[in-house]
Amino acid sequence: MGSAYSGTSVTSFPQTLDNRSLDALKDEIASFAGGQTRKDTLVRAQEALFEAIRVFNAWSWTFNRVTEDITLVAATADYTLSSNWRNPLRAQMVDSSNDTRDDVSWIKWSDWVSMFPDQSNTGSIPLFYTAINIHETGQVTVDPVPATTLTWPTLRLFYHRRIETPSSGDDVLEVPEEIEQAIFDEAVWRFLRKLKSFREARDAQAAALISKSMVSAEYRDFEDYYGA
């Protein structure tokens, strides 16, 4: 992989300048019940928004791809990740010139324990990686274990993270604006089903499904897979 070209851009990255803040999203969702000034309605609007984000985190998205380089250490099989992991995408070995040299294959833990019962062997570079429970430990495991500490090749992981829930009123969703709108539409119908009639919620749900299907066609991604 050659050096990255850095040109003059009039666009700010990530492209979230047009996304609404958490406070603005809550106000707009609450407006469907005329409750922008009511604290309890705004609370329900935020609950619906956060619920919609969790719904969208049921899938992997191309805009949530993450890369992380890990220096491999002698006799060390487990490595802790530095950011939110949802699922594996790819892994490669990268040399000192930042060029990719080899693939490292993801193997599900259930297959790993059957295929590699002997973890005493060491090697020059890992060929496989897995995770027993990323949610609990935040770690991936490699095989074979490096015999020496490697400044290169470096293990480069590609994986998906989750859409982050905004934590303050000024925060925006770190997603493309089309995705933000689809999440908003999902939040609206979930909000309305708590406060309005079934018919109004049903109509809003239909609109949300259309929005979701449109963005899924463009942005849906899939995790790495190995096994039968």
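What follows is calculated from the coordinates using simple rules that are stated; it is not laboratory data. Only a predicted model underlies this, so the values are computations on that prediction, with no experimental measurement involved. Note that we place each Cβ from the backbone using ideal geometry, even for glycine, and neighbour counts take in every protein chain shown.
Details
- Karplus-derived 3J(HN,Hα) values for the range 179-186, using 6.51 cos²θ - 1.76 cosθ + 1.60 with θ = phi - 60°, are 5, 4, 5, 5, 5, 4, 4, 4 Hz; glycine and proline are entered as x.
- Based on C-alpha pairs under 8 angstrom that are at least 6 apart in sequence, the range 45-174 has a relative contact order of 39 percent.
- Entry note, the chain: relative contact order of 31 percent, from Cα contacts under 8 Å with a spacing of 6+ residues.
- Backbone N atoms of the range 166-195 closer than 14 Å to the 7 Å Cα→Cβ label point of Phe50 belong to residues 166-169.
- Nonlocal amide H pairs with Ser60, under 5 Å, H built at 1.01 Å: Asp221
- Rough spin-label spacing in nm, given labels placed 7 Å along Cα→Cβ, for Asp221 and Ala75: 3.7 nm
- Euclidean distance of C-alpha centroids, the range 20-34 and the range 151-228, integer Å: 17 Å
- Counted charge near Glu164, where neighbours are those whose Cβ lies closer than 12 Å (Asp, Glu -1; Lys, Arg +1): +2
- Its DSSP H runs of at least 4 residues, each contributing -39,500 (n - 2.57), put the calculated 222 nm mean residue ellipticity of the chain at -11000 deg cm²/dmol, to the nearest 500.
- Potential extension, Leu17-Arg65 segment - 0.36 nm per residue separation minus Cα distance: 15.3 nm
- The range 141-216: Cα Rg divided by the 2.2 N^0.38 Å rule of thumb: 1.83
- Folded to 0 to 90 degrees: helix 39-56 orientation relative to the chain principal axis, Cα: 40 degrees
- Prolate is the label for the chain, because a/c, from the alpha-carbon gyration tensor with a ≥ b ≥ c as root eigenvalues, is 1.5 or above and a/b exceeds b/c.
- Cα-based helix-to-principal-axis angle, 198-219 vs the chain, degrees rounded to 10: 30 degrees
- In the range 124-181, trypsin sites (Lys or Arg not before Pro) in a DSSP loop with at most 12 other beta-carbon atoms within 10 Å: none
- Global form of the range 25-118, assessed from the alpha-carbon gyration tensor, a/c cut-off 1.5: prolate
- Cα gyration tensor category, rounded, prolate or oblate, for the range 64-160 with a/c compared to 1.5: oblate
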